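Right, one structure below, let's go through it.
The values are calculated or read from the model by the stated rules, or taken from the named source; none is laboratory data. Bear in mind the structure is a predicted one, so any value in this text is a computation, not a measurement. FYI the Cβ positions are ideal-geometry reconstructions off the backbone, even for glycines, and counts take in every protein chain you see.
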DNA sequence: TCGCTTTCTGATATCGATTTCATAGTAACA
DNA sequence: TGTTACTATGAAATCGATATCAGAAAGCGA
């Protein structure tokens with residue numbers, strides 16, 4: 001590996017001072033045409049590329065932002081990450097992504113890491129599994145950093161947030177099932193501790209209440225495909241042909257809806273003839289399932305973008321809206337059919 | 001935002017020199033028990049967390065590594081990323097992930113970015129679309145950095161690489177189709193410029209040759225689901241019932257296999273009754289398709305891990321194997337059936 | 001008790017940029 | 001032509017850690 005050249009090396013070759021090199025690299029317009037030429041030549045000769053790391057010390061900016069998500073492997077989040085990355089790059093920022101696996105303790109550890117790396121700000125999807133109280137140490141870290149929440153709110157906290165109208169989305173999903181004639185609708189729930197799940201649950205209950213429907217049933221899961229798959233298999237095996245079985249399922253996300261689809265394929269329960277399923281998210285595989293999944297679309301990529309835009313304003317101490325709420329959209333495909341009695 | 005405390009603040013409170021603070025943070029065992037206590041108290045009082053950014057200057061290590069992949073949104077790569085992240089974290093490294101979108105020009109730009117950030121090393125999936133010659137500027141950057149390739153090789157370059165036995169995997173996929181009685185097997189190709197695609201193609205051809213089968217057909221695509229979907233729709237619409245239609249398809253990756261599945265669903269061509277499909281990768285949705293996809297599994301996560309392990313050795317100038325080649329495994333599911341004549 | 005280690009700590013230079021301040025040189029104006 | 005006002009550049013301090021080197025204090029053997 002060749003030795004890396006510094007601003008001093010360039011200065012020596014160009015016969016000017018290091019300050020001038022810095023000026024040419026950052027504000028070329030303030031240096032005289034012919035010194036600029038000399039410097040550019042020297043830069044080319046050494047193929048000099050400035051050390052951003054070193055620059056961030058006096059600048060007191062690293063131009064990094066941190067992004068904490070549950071799991072990059074989850075296609076919902078990888079989409080969001082891409083939105084974050086693309087906007088960041090446009091503004092000269094780089095993204096440090098870490099996975100909390102929805103575990104609070106990891107979230108805390110990573111927050112500390114991001115702080116020690118002195119990222120300029122953090123976009124945070126709070127972990128789903130957590131104690132009632134926010135740990136003091138983590139809280140003090142949050143106060144020391146520029147934070148924007150994404151996807152999931154924290155109760156009683158005024159941190160800026162970018163999210164989707166979960167209540168509205170869930171409400172319209174269930175409403176849709178109702179208009180299709182379904183009277184027995186089950187909610188396949190996500191991680192209980194997340195505000196996201198709570199809001200979707202409220203939307204589910206609100207729609208039922210409005211339609212004066214008393215039949216309700218929640219199957220507890222955790223947003224994960226395999227868990228949903230197992231829960232469904234288990235529940236249906238126990239209650240074969242019982243009237244406790246719903247005619248439709250509203251899944252708190254597509255991953256679980258797909259898990260359900262997989263379970264029903266194995267159980268030889270036909271979708272949508274025997275049971276209808278609607279998901280939430282519109283992840284990129286939801287049109288490749290069998291049958292293609294009807295779902296509530298979330299603008300995932302856009303959420304990532306908005307979150308960065310908000311964060312950059314926070315960093316630059318500009319005025320911001322405390323909360324950006326994006327709307328969902330019903331995508332009709334083939335996993336829901338009319339239920340005739 | 002509270003002011004960030006430095007090693008000097010801690011020193012003042014603890015009544016010792018900054019050097020001692022540094023020692024307590026890095027090599028506590030060499031400082032006397034009771035000064036260590038004093039320092040620890042001061043650290044706690046200020047909730048001091050050292051600035052890694054600043055530390056990396058004299059250390060001449062950033063403890064960052066760069067990871068260039070085509071697209072984080074591609075589930076194949078997001079798995080690999082997770083493998084990279086997990087091992088990195090264990091060794092005190094953080095990962096800076098960027099997306100080349102398989103475009104050489106972006107790859108070059110990001111390489112430069114990573115260099116300017118002075119990452120300790122780079123794990124690189126070379127972009128698929130590129131000119132014949134390796135651009136000089138990019139090449140000189142590669143020489144200045146610690147590089148490990150992953151997934152895709154570069155012709156005529158001795159850079160260490162972690163990959164899978166593509167030839168063998170493809171060969172066994174086609175061999176499997178042959179043993180199932182298929183005689184007309186199409187190859188649904190990935191990006192032509194990638195070594196990965198070339199090797200899989202060779203595996204395909206080798207298996208056919210060995211079986212003395214002359215029927216061959218390649219449908220050019222680009223590893224992407226939508227492209228594969230469109231190509232299939234187009235090809236089948238043109239050649240309805242012609243004997244130019246294969247009885248089985250070997251897709252260069254699962255994403256394209258799933259695109260094909262989607263196309264056939266729409267074309268009312270039954271899988272596997274009318275046509276068999278085998279994929280490559282075993283991405284996490286491949287068991288949720290209809291029918292569940294038979295495929296050649298790649299240890300994606302493991303590849304990420306191995307790449308990091310190799311890279312860390314390169315960074316520490318330890319001896320390494322120039323090339324780590326992992327094996328694939330045939331996963332039999334339901335998208336391939338026996339073909340009886 | 002003397003001299004020699006060993007243990008522990010502090011002073012200082014350093015990493016590679018930026019930034020402030022000072023100043024030389026030139027232009028502008030009356 | 002003298003005063004003022006810019007323009008262009010350099011010198012030096014700074015960011016927050018680490019690392020080297022030197023010296024004080026303590027321990028130990030003879």
Task: Output for the stretch A:99-115, where each listed residue is crowded, with 22+ Cβ neighbours inside 10 Å and outside any helix (DSSP H, G or I) - done: A:99, A:100, A:102
- [ ] Working only within the stretch A:234-266, note down all residues that are free of Cβ contacts under 8 Å to residues at least 60 places away in the same chain and more than 14 Å from every other protein chain (Cβ to nearest Cβ).
- [x] A:234, A:235, A:236, A:237, A:238, A:239, A:240, A:241, A:242, A:243, A:244
Task: Among the candidates B:313, B:306, B:319, residue that is part of a helix (DSSP H, G or I), more than 18 Å from residue B:337 (Cα to Cα) and without any contact (Cβ under 8 Å) to a residue 12 or more places away in the chain - done: B:313
Task: Filter result for residue B:75 (within 12 Å of chain A (Cβ to nearest Cβ) and closer than 16 Å to residue B:151 by Cβ) - done: yes
TODO: Identify, from the list A:279, A:304, the residue that is farther than 14 Å from residue A:254 by Cβ and touching a helix residue (DSSP H, G or I) at 6+ places or on another chain (Cβ under 9 Å).
DONE: A:304
- [ ] Determine which member of the set B:67, B:80 is modelled with pLDDT of 95 or more, under 29 Å from residue A:283 (Cα atoms), part of a helix (DSSP H, G or I) and assigned by TED's automatic domain parsing to the domain that holds residue B:118.
- [x] B:80
Task: Hey, residue B:118 within 11 Å of another protein chain (Cβ to nearest Cβ), modelled with pLDDT of 95 or more and part of a helix (DSSP H, G or I) or not - done: no
Open item on the list: Go through (1) in contact with a helix residue (DSSP H, G or I) (Cβ under 6 Å, 6 or more places away or on another chain); (2) away from chain A (no Cβ under 12 Å); (3) modelled with pLDDT under 95 for residue B:138 and report which single condition fails.
Closed with: (2)
Task: Residues being within 23 Å of residue B:136 (Cβ to Cβ) and either away from DNA strand C (no atom under 12 Å from the Cβ) or within 13 Å of chain B (Cβ to nearest Cβ) (or both) - total across the stretch A:3-37 - done: 8
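Listed here are the residues, each with its yes/no results for (1) surrounded by 24 or more Cβ atoms within 10 Å (Cβ to Cβ); (2) outside the structural domain of residue B:320 (by TED's automatic domain parsing); (3) under 30 Å from residue B:340 (Cβ atoms).
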{"site": "B:158", "(1), (2), (3)": "no, no, no"}
{"site": "B:171", "(1), (2), (3)": "no, yes, yes"}
{"site": "B:187", "(1), (2), (3)": "yes, yes, yes"}
{"site": "B:190", "(1), (2), (3)": "yes, yes, no"}
{"site": "B:194", "(1), (2), (3)": "yes, yes, no"}
{"site": "B:198", "(1), (2), (3)": "no, yes, no"}
{"site": "B:205", "(1), (2), (3)": "no, yes, yes"}
TODO: Would you mind stating whether residue B:113 is within 28 Å of residue A:67 (Cβ to Cβ) and out of contact with any helix residue (DSSP H, G or I) (no Cβ under 8 Å at 6 or more places or on another chain)?
DONE: yes
Open item on the list: Scan the stretch B:134-143 and tell me whether some residue there is in the same structural domain as residue B:67 (by TED's automatic domain parsing) and farther than 22 Å from residue A:3 by Cβ.
Closed with: yes
- [ ] Go through the stretch A:38-63 residue by residue and tally those that are part of a loop (DSSP other than H, G, I, E, B) and either near DNA strand D (Cβ under 7 Å from one of its atoms) or more than 14 Å from every other protein chain (Cβ to nearest Cβ) (or both).
- [x] 1
- [ ] Collect the residues in the stretch B:13-27 that are over 15 Å from residue A:116 (Cβ atoms) and surrounded by 12 or more Cβ atoms within 10 Å (Cβ to Cβ), keeping them in residue-number order.
- [x] B:13, B:14, B:16, B:17, B:18, B:20, B:23, B:24
- [ ] Would you mind finding the one in A:156, A:128 that is modelled with pLDDT under 95 and within 15 Å of the chain's Cα centre (by Cα)?
- [x] A:128
TODO: Identify the single condition in (1) outside any helix (DSSP H, G or I); (2) in contact with a helix residue (DSSP H, G or I) (Cβ under 8 Å, 6 or more places away or on another chain) that residue A:3 does not satisfy, given that it satisfies every other one.
DONE: (2)
Task: Filter pass, residue B:283 being part of a loop (DSSP other than H, G, I, E, B), at pLDDT 95 or above and not assigned by TED's automatic domain parsing to the domain that holds residue B:82 - done: yes
Open item on the list: Would you confirm, using the coordinates I've provided, whether residue B:148 is touching a strand residue (DSSP E or B) at 6+ places or on another chain (Cβ under 8 Å) and either over 22 Å from residue A:62 (Cα atoms) or assigned to a loop (DSSP other than H, G, I, E, B) (or both)?
Closed with: yes
